[in-house]
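*Asks:* Please read through the structure below; I'll follow up with questions.
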Amino acid sequence: MAIQWFPGHMHLTRQAIAERVKEIDVVIEVLDARLPGSSANPLLQEMTGHKPRLKILNKQDLADPVQTKAWLDWYNAQSETRAIALDASEAAPTRRLIEQCKLLAPTRGGMAKPMRVLICGVPNVGKSTLINSMSSKTQAKTGNEAGITKIEQRIVLADDFYLWDTPGMLWPRIIVEKSGFNLAASGAVGRNAYDEELVTLELLIYLQKHYAPLLDARYKLGIDAEEIAELHDDELLTLIGKKRGAVMSGGRVNLQKTSELVLTDFRDAILGRITLETPAEFEAWLAEGQQKDAERQAKKDALAAARKKNRAARPPREADAGGARKKAAAQPDNKPAAKARAPKR
């Protein structure tokens, strides 16, 4: 079962985007460079697919540079799409962003036809921090948790360049199970929507295979990369807990505390520069998710059709009897009302 999180304010954001996109020239989607496929919102693609798109792989300083290049190539190969990578160390990203938008909408610009841009992203992707770095003053609230921005706001980056910021938004149903885990690991999902230990175990499975030396360097596991890769995920989490001193009375490892430590180390890049998916992996996960979703929908449709057929095949007398019972139950009681007693004197 994939992790799901779509609180009420996200529904309002969807409505706001649907209205705003009618008068927008370019849509900027800020992605997490550590999960560039999973942090791309399919709902946003559905609502703005007819508009030119700029994909910003944010937090590139936290991601594997080799995989960041692969993802940039993958996005730049798509039609009406450009992709760039940014991070917090870039002092003035405004010029790059404006240049890329002008390449996507060359007929816009100047006071007569100012550039109108919508910037979107999943929660905790660093969108607000990016906006503040582009503006001369703090325009957006920031924080290392999901759901900080709550309202839409307009930001003027230049006399002829208007930027509309929207709250972080996921989508109603995540069909790619691995994407749900990656989003939770990055902090894009509210903490009440997932089990931290389960998310950490899924994270460790990927790190074992692709970044075992980083695990050993951080937690001083004392075993080589091949041995780390062969450990069961439960065993690895327990070993990390022992090495980090997350031990309770009786020598038992506090797996909840250990999970929190591992997630924090990943989110803050203390483990190192890590990317949780390649373009090929994400395409395979997406195809599997779409197939399972199609099978689920087919079963749902078949069940609905069977129920409809059963209702149509019900014997007429049974239907008539049922209708008569309902009619009788709906009729008022014809018994005369009891006379009120005269008060005693």
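*Asks:* To the nearest 0.05, how large is the calculated FRET efficiency for Leu12 and Ser133 if R₀ is 35 Å and r is the Cβ-Cβ distance?
*Replies:* E(calc), rounded to 0.05, equals 0.85.
*Asks:* Taking the Cβ-Cβ separation of Arg95 and Asp233 as r and a Förster radius of 51 Å, what is the calculated FRET efficiency to the nearest 0.05?
*Replies:* 0.70
*Asks:* So how far, in whole Å, is the C-alpha centre of region 183-227 from the one of region 17-80?
*Replies:* For region 183-227 versus region 17-80, the Cα centre distance is 25 Å.
*Asks:* Name the long-range amide H neighbours of Val253: under 5 Å, sequence gap of 5 or more, or other chain; modelled H, no Pro or chain starts.
*Replies:* It is Met248, by chain and number.
*Asks:* Between Gly110, Gly168, Gly121, find the one with the highest GNM mean-square fluctuation for the chain; connect C-alpha pairs within less than 10 Å.
*Replies:* Gly110
*Asks:* Using helices alone, I'd like the mean residue ellipticity at 222 nm for the chain: each DSSP H run of four-plus residues gives -39500 (n - 2.57), total over residue count, nearest 500.
*Replies:* Value at 222 nm, helices only: -15000 deg cm²/dmol.
*Asks:* Tell me, what HN-Hα J-couplings in whole Hz come from the Karplus equation 6.51 cos²θ - 1.76 cosθ + 1.60 at θ = phi - 60° for each residue of region 182-196, using x for Gly and Pro?
*Replies:* 5, 4, 5, 4, 7, x, 7, 10, x, 5, 7, 9, 8, 8, 4
*Asks:* Can you give the FRET efficiency for Glu23 and Val156, using 1/(1 + (r/R0)^6), R0 = 22 Å, r = Cβ-Cβ distance, to the nearest 0.05?
*Replies:* The formula returns an efficiency of 0.90 here.
*Asks:* Helix 316-330 against the longest principal axis of the chain: what's the angle in degrees, Cα atoms only, rounded to the nearest 10?
*Replies:* 80 degrees
*Asks:* With every protein chain kept in place and ligands, DNA and RNA left out, what is the accessible area per residue of region 225-289? Probe 1.4 Å, answer in Å².
*Replies:* For region 225-289, the solvent-accessible area averages 51 Å² per residue.
*Asks:* At 0.36 nm per residue, minus the direct Cα-Cα distance, what do Asn254 and Arg307 gain on full extension? Give it in nm, one decimal, please.
*Replies:* Gain in length upon complete extension: 14.2 nm.
*Asks:* Can I ask one more? Short version: ³J(HN,Hα) in whole Hz for each residue of region 16-30, in order, from phi by Karplus 6.51 cos²θ - 1.76 cosθ + 1.60 (θ = phi - 60°), x for Gly and Pro, what are they?
*Replies:* Each residue of region 16-30 in turn: 5, 5, 4, 6, 5, 5, 4, 10, 9, 9, 9, 10, 9, 10, 8 Hz.
*Asks:* Which longest uninterrupted range of the chain lacks any GluC sites (Glu not before Pro) assigned by DSSP to a loop state (not H, G, I, E or B) and surrounded by at most 14 other Cβ atoms within 10 Å?
*Replies:* The reported range is 146-345.
*Asks:* Each residue of region 59-74 in turn: what ³J(HN,Hα) in whole Hz from Karplus with 6.51, -1.76, 1.60 and θ = phi - 60°, glycine and Pro shown as x?
*Replies:* Residue by residue, region 59-74 yields 6, 5, 5, 9, 9, 5, x, 5, 6, 4, 4, 4, 6, 4, 4, 5 Hz.
*Asks:* Same structure, new question: Name the long-range amide H neighbours of Cys120: under 5 Å, sequence gap of 5 or more, or other chain; modelled H, no Pro or chain starts.
*Replies:* Sorted by chain and number, the residues that satisfy this are Ile28, Glu29, Val30.
*Asks:* Order the peptides 70-79, 47-56 from the highest to the lowest mean number of other Cβ atoms within 10 Å of their residues.
*Replies:* The peptides rank, most packed first, as 47-56, 70-79.
*Asks:* Using a simple spin-label model with points 7 Å from Cα along the Cα→Cβ vector, what separation in nm is obtained for Ala294 and Ala280?
*Replies:* 2.3 nm
*Asks:* Would you mind telling me which residue in Ser39, Ser133, Ser249 has the biggest mean-square fluctuation in a Gaussian network model of the chain, where springs connect alpha carbons within a distance under 10 angstrom?
*Replies:* It is Ser249.
*Asks:* Quick one: which residues, 5 or more positions from Leu57 or on another chain, have an amide H under 5 Å from its amide H? H modelled 1.01 Å from N in the peptide plane, none for Pro or chain starts.
*Replies:* Those qualifying (amide H under 5 Å, at least 5 residues apart or on another chain) are Leu31, Ile84, Ala85, Leu86.
*Asks:* Another question about this same structure. Build a GNM of the chain with springs between Cα atoms under 10 Å: which of Asp233, Asp159, Asp64 gets the top mean-square fluctuation?
*Replies:* Asp159
The values are calculated or read from the model by the stated rules, or taken from the named source; none is laboratory data. The structure presented is a predicted model; accordingly, all values stated were derived computationally and were not measured. When we count neighbours, we look across all protein chains shown, and the Cβ atoms used for this are built from the backbone with ideal geometry, even at glycine. Note: accessible area is taken over every heavy atom of the protein model, side chains too, but ligands, DNA and RNA are not part of it. Shrake-Rupley method; radii C 1.70, N 1.55, O 1.52, S 1.80 Å.
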